[in-house]
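The values are calculated or read from the model by the stated rules, or taken from the named source; none is laboratory data. A quick note: this is a predicted structure, and the numbers were derived from the prediction, not measured. When we count neighbours, we look across all protein chains shown, and the Cβ atoms used for this are built from the backbone with ideal geometry, even at glycine.
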């Protein structure tokens, strides 16, 4: 049975973060509030947990890997190749509601047993999620929670528990309603930025 845990930020709860990390380290699946929507997440190296998320969201193509949440740009540079120009641009945009596609770093397969040629990376504004990833010490695989059975976008934590509680271990909730919007996706894999999807956030920051 999943647990619905109301927590807080500024600062985050040591006890709650420790509990979430223990669950992640044991092939667990979390749900949590991102910048603009609800998301599922797990340890990116846990094949078992990744499979559980695929069952929760069968619409996500299995051949398309989930995005990785990093705590900061230093962690992002260990999973994706970031050159000096890209670094200057990304420092202005992260943390923020942007998913950035980069060529994978050569160490990525050692970290998460994944040989994908490119990797989607997010550094969210949420201090809750960045602190969780920092404490875990490695990226989280993440994907947005799909629409509810009635076709509506989930906005509150209790809706996640009612619809997907059977498949998650813990829901972290700040008690806030989220708009259920998409992030902006920017592809840097060929060097210069290409806007793949315009969502929340200013795409002009990338000069694309």
Answer yes if at least one residue in the range 64-77 is assigned to a loop (DSSP other than H, G, I, E, B), touching a strand residue (DSSP E or B) at 6+ places or on another chain (Cβ under 8 Å) and more than 14 Å from residue 142 (Cβ to Cβ), and no otherwise.
no
Take residue 92 and tell me if it is more than 12 Å from the chain's Cα centre (by Cα), within 24 Å of residue 203 (Cα to Cα) and assigned to a strand (DSSP E or B).
no
Using beta carbons and a limit of 6 Å, which pairs, at least six apart or on different chains, have the first residue in the range 1-18 and more than 23 Å from residue 125 (Cβ to Cβ) and the second one part of a loop (DSSP other than H, G, I, E, B)?
2/168; 2/169
Give me a count of the residues in the range 86-106 that are out of contact with any strand residue (DSSP E or B) (no Cβ under 7 Å at 6 or more places or on another chain) and touching a residue at least 60 places away in the same chain (Cβ under 8 Å).
5
Quick one: would you say residue 195 is surrounded by fewer than 22 Cβ atoms within 10 Å (Cβ to Cβ) and over 17 Å from the mean Cα position of the chain (by Cα)?
yes
Restricting to the range 1-46, what's the tally of residues that are over 12 Å from the mean Cα position of the chain (by Cα) and part of a strand (DSSP E or B)?
4
Considering (1) more than 20 Å from residue 132 (Cβ to Cβ); (2) within 16 Å of the chain's Cα centre (by Cα), say which one residue 83 fails and leave the rest.
(2)
In the range 100-118, is there at least one residue being within 14 Å of the chain's Cα centre (by Cα), in a loop (DSSP other than H, G, I, E, B) and at pLDDT 95 or above?
no
So is residue 82 in contact with a strand residue (DSSP E or B) (Cβ under 7 Å, 6 or more places away or on another chain), under 18 Å from residue 190 (Cα atoms) and either at pLDDT below 95 or part of a loop (DSSP other than H, G, I, E, B) (or both) or not?
yes
